[in-house]
Amino acid sequence: MNVLLVLLVGILLGVAGMWLWRRYARAEPVPAFARTESDNSAEAMYQQGMAYRRGQDLELDFQAARRLFRRAAEMNHAQAQYEYGMMLERGLGGEQNQSKGFRWIDHAARSGCAEARLQMGKRYFTGDGLEKNPRRAEQYLHGIAEAGLAEAQTVLGLLYRDSEPPLADPVRAAEWLTRAVGQRYPAAFFPLSDLYERGVGVERDLKKADELLRQAADFGEPQAQLKIARYYLTGAFGHVFTQDYRQALDWFKRAASHGVAEAEYEVGLRYEQNEGVDAPDMNQAIASYLKAAEMGYAPAQHRMGQVYLYGQNVNQSMREARRWFAAAAAQGHAAAARQVQKLHTHATEDGSLGQPSPVGETSENFPEWKG
């Protein structure tokens, strides 16, 4: 009996031991900063600051992150200088101070922080917050591009593509974009496709251009999606995208989902003109025209003016027609400007349509109207 009791106790202890071993063997590793709570080194403070900023391992706390980044930055920790500068610029965890933030980011860049050098390079390239200086941008970007940072390679490629001589260099542009594509960096595919299509910096190759274009579109690049839609709409000679209205509509919708006003307007045209749809749908067309018009797209604003002028599936309104024509005309839309002139004396005080003008309000007198 005693032997059986000892055996049973042994089995129970073995099971308990196995359970404890599995539990602690699978435990999450202790964060680096938690193992160095007494460590006042710049790296420890930077690591803890990142944990607070990201809300990983510690509760999200921008104030604590900013305080730790500042302390590490003052100890010449380049990465902390960058993070502190960005928080100052954005006003995270305290008062916003863009000029002071910029100085810390620039200091981090000079100290070798790759993220800071990328940020400074992009700003000098685009003129974001400072005067454009492509040569300075190149100086910030080249080293980190050589080190393999795909975004820097892409920006450097665009810089060589878009700059004025003597910095312009299509061949180098293609080389850097190709390196970024080799790392499957999404933003590099569309501009490289354009170079292959035009034969700039590389030998012209429409098959390669279409392949890169489709990959860019699949990554979600809206301008690539819009371009493919137009190819399907017209059937571009020499390209793999043969005319197909349904495919065109599908790609216009994809681009429109990213907020591309031109694509939204094209969706409206397809529903109105019965291209790629089962039946024309003016209500759906107007919904798309209105979205594009509200985004400031002049052709859509002009089209909304026509919709209200002729009362197409809406209550006819001279006031709304004039409003939309005026919005488009303000952007230089010539047809809208002519219609503003024609409608100048046609509205009564309440904005409704008054008596027919000497010119009349028929589509024959508005040649831009396609109805």
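Observations on the structure shown:
- Where Q243 falls short, out of the listed (1) farther than 19 Å from D205 by Cα; (2) more than 14 Å from the chain's Cα centre (by Cα); (3) assigned to a helix (DSSP H, G or I): (3)
- Leading residue by the ranking (surrounded by the fewest Cβ atoms within 10 Å (Cβ to Cβ)) among those in the stretch 133-144 that are more than 25 Å from Y46 (Cα to Cα) and in contact (Cβ under 8 Å) with a residue 24 or more places away in the chain: R135
- Of the residues screened, G182 is one that is within 21 Å of A150 (Cα to Cα) and surrounded by fewer than 22 Cβ atoms within 10 Å (Cβ to Cβ).
- Here is the figure for the stretch 150-173: residues that are farther than 19 Å from T126 by Cα and surrounded by 20 or more Cβ atoms within 10 Å (Cβ to Cβ) total 0.
- Odd one out for L130 among (1) under 30 Å from A44 (Cβ atoms); (2) at pLDDT below 95: (1)
- When the stretch 200-215 is limited to residues that are of a type in the set (A, V, I, L, M) and part of a helix (DSSP H, G or I), the one that is nearest to I228 (Cα to Cα) turns out to be L213.
- Among (1) at pLDDT 95 or above; (2) of a type in the set (F, W, Y); (3) over 14 Å from the mean Cα position of the chain (by Cα) - the single one F219 does not satisfy: (3)
- Only one entry of A255, A188, A236 meets the criterion of being aliphatic (A, V, I, L, M) and over 24 Å from the mean Cα position of the chain (by Cα), and that entry is A236.
- Within the stretch 40-67, residues that are farther than 10 Å from A80 by Cβ sit with their Cβ atoms under 7 Å from residues that are polar (S, T, N, Q) and part of a helix (DSSP H, G or I), at 6+ positions apart or across chains, in these pairs: A44/T36.
- Per this entry, Y232 is not counted among residues that are farther than 30 Å from G148 by Cβ, surrounded by fewer than 18 Cβ atoms within 10 Å (Cβ to Cβ) and touching an Asp or Glu at 6+ places or on another chain (Cβ under 6 Å).
- Candidates Y265, Y231 - the one that is assigned to a helix (DSSP H, G or I) and under 17 Å from A217 (Cα atoms): Y231
- Residues in the stretch 270-307 that are in a helix (DSSP H, G or I) and more than 28 Å from the chain's Cα centre (by Cα) were compared, and the one that is surrounded by the most Cβ atoms within 10 Å (Cβ to Cβ) is G305.
The values are calculated or read from the model by the stated rules, or taken from the named source; none is laboratory data. Note that the coordinates shown come from a computational prediction; the quantities given were computed from them, not determined experimentally. Neighbour counts run over all protein chains shown; Cβ positions are idealised from the backbone, glycine included.
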